Structure formats: C-alpha cells, structure tokens
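The values are calculated or read from the model by the stated rules, or taken from the named source; none is laboratory data. Note that the coordinates shown come from a computational prediction; the quantities given were computed from them, not determined experimentally. Every residue, glycine among them, receives a Cβ derived from its backbone with ideal geometry; neighbour counts consider all protein chains shown. Note: areas computed on protein heavy atoms with side chains; ligands, DNA, RNA excluded. Shrake-Rupley method; radii C 1.70, N 1.55, O 1.52, S 1.80 Å.
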Amino acid sequence: MKGIHGVVLGVAVGIAAALFNWAYITRATGDIDAVAFVGIAPGKDLEAGHILAEEDLVPVPIPAIPARRLKDFGYLYADRASIVGLRITRPIPGGSLLLQDDLRPPPPKLRFGGQPVGNTEEIAMFIPIDVRTIVPSLLEPGDMVSFIVGGPTPTAGVGNPDPAAGGEGSAAGSSLSGGPQVIGKFKVLAIGNRLSSVEVHRAYQLPQGQENILTISVRLEGGRLEPKAERLWKMLELTNFRQVGVILHSREASGN
C-alpha cells in the first residue's frame, strides 16, 4: 500500500507543479513581452462546419520566445479579421487555441455525375496505363487525354489464323491487325489516388499510389457506354487489359 501511496503522491506533486508553472506564465505575460494568438472563447464548443464570428475569438497571450515557433501553426490575434467568416473543418472545444489545420479545407474528393440529363449520365471508368511511357506527375485532374491501344498480342484466337475458320483471323483479331489505335478524348478525374495537382496532394501529406490507373469521365447513354468509351473497353478486352499509352492534349486547347 505504501508503494501505491507513493505513486499517487508523485502524480499529485506533478499536477501541482504544472498548475504553478501555468499560473507563473499567466502572471509573467503581464511583465514580459507577449504575443496574442487567436483562441476559441471558453464555453463555446464549435462543431465542424461552423463559420467563425468575431465573438467566437479571444486573445491568448503567449511569451514572445515560444511564440516564434507557434506562428507556423496558429493565427495572430491581430490578424483575426482574415479568418472571420471562414468555416472550420473539425470540432474545436471552447478554450482551445485555433490552429491552421482547423481551417484547412478537407482533401479533394472524386467528383463526377451530377444530375443526369435525359438518359445520359456521367460515370467514371478506370483504365490501366503504361507508366513506363509517361510521367504521371505531369498529369492533372481536368486534363484531356487519348489512349494508344492495340497492336498484335500472342494470345491465342486474337489476331492469329483460325484453321476452323478457313485460316483467316477472327473478327476480334482483325481489329488489332492495323496496329495501335488512338481513342479519345476523355477528361481525367484522377491519377491513381491523386485527385488534385501534385503540389496540393503533397500539402495534405497524402501518399501517392496506383499511378498505373487513370480514372476518366465517360457518358452512359441509355444504359450503354458512349461509342468512344465502348470502343476503348472492347480494345482493352481484346488485349487482355494490357496497359495502354496516354496522349496528353494541350491544356490551352482544352480550356484548362
């Protein structure tokens, strides 16, 4: 039991010391240089999505020396006008320091579809691409691309003579016999898991993955893929979903 009493006593002493230190810092800010940062008023627990108002904010004096490092994470109270009217992105309990991450917009989301027009609907299609022949970091959502698909393959029944059919290639094979084909244009929705520019993606400290998959926007018309998308899918089937090449169209011509 003596051991337990010793632990409890040690914890109590530690808490008391922390409180005395905090009280000292609070009193000292009246005698030493301090910098006021933006805090949330005590008793005002803000939910995610709340729009900041002037009455939500209070000054939090911080001694000048630690304040130098805090400037990279918080907001100066003198600059509070620049954040009034902004929406917070996560819950903040009253009495907390307002941090820059509290106002940072959430990472981009995959956006497509919207309200269907008649029997036409925008959908997303995932295409395997050959990253050996392109630089994925140069692609951005919103870019217009075409795909280089086709060419002979060693798969039996695709582009090979069929003795049972009089020695002629199958219809599927004949569509590949003319060499690679260019199919497009399509709007890029995502490059792997990247839904924005490389700079924005890195700003959120998100890992980049599956750069060999391109997500594109296509139309579904009356329950069927639009002609160019249907043609692309058929060519992928004929090549056993072999990775395809990518052509990037001019952003100026595309209006991006």
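Checking each residue in the stretch 94-120 for being over 27 Å from the mean Cα position of the chain (by Cα) and under 25 Å from GLU54 (Cα atoms) picks out GLY94, GLY95, SER96. Evaluation of VAL131 against the conditions (1) modelled with pLDDT of 90 or more; (2) in a loop (DSSP other than H, G, I, E, B); (3) more than 30 Å from PHE147 (Cβ to Cβ) shows that the sole unmet condition is (3).
Candidates are the residues of the stretch 64-89 that are among the β-branched types (Val, Ile, Thr) and open to solvent by less than 50 Å² (accessible area, probe 1.4 Å); the one that is nearest to PRO107 (Cα to Cα) is ILE88. Go through the stretch 200-256 and give me each residue that's closer than 20 Å to ASP130 by Cβ, without any contact (Cβ under 8 Å) to a residue 24 or more places away in the chain and under 22 Å from the mean Cα position of the chain (by Cα). Scanning the stretch 200-256 gives GLN208, GLY209, GLN210. Looking across the stretch 53-63, the residues that are open to solvent by 30 Å² or more (accessible area, probe 1.4 Å) and assigned to a helix (DSSP H, G or I) come down to GLU54, GLU55. Kindly evaluate GLY94 against the criterion of being open to solvent by less than 50 Å² (accessible area, probe 1.4 Å), at pLDDT 90 or above, in contact with a Pro (Cβ under 6 Å, 6 or more places away or on another chain) and part of a loop (DSSP other than H, G, I, E, B). Judged against the criteria, GLY94 is a match. Of the set (1) modelled with pLDDT under 90; (2) in contact with a Gly (Cβ under 8 Å, 6 or more places away or on another chain); (3) not in a loop (DSSP other than H, G, I, E, B), all apply to THR153 but (3). Counting only residues that are part of a strand (DSSP E or B) and without any contact (Cβ under 8 Å) to a residue 40 or more places away in the chain, the stretch 64-79 holds 1 of them.
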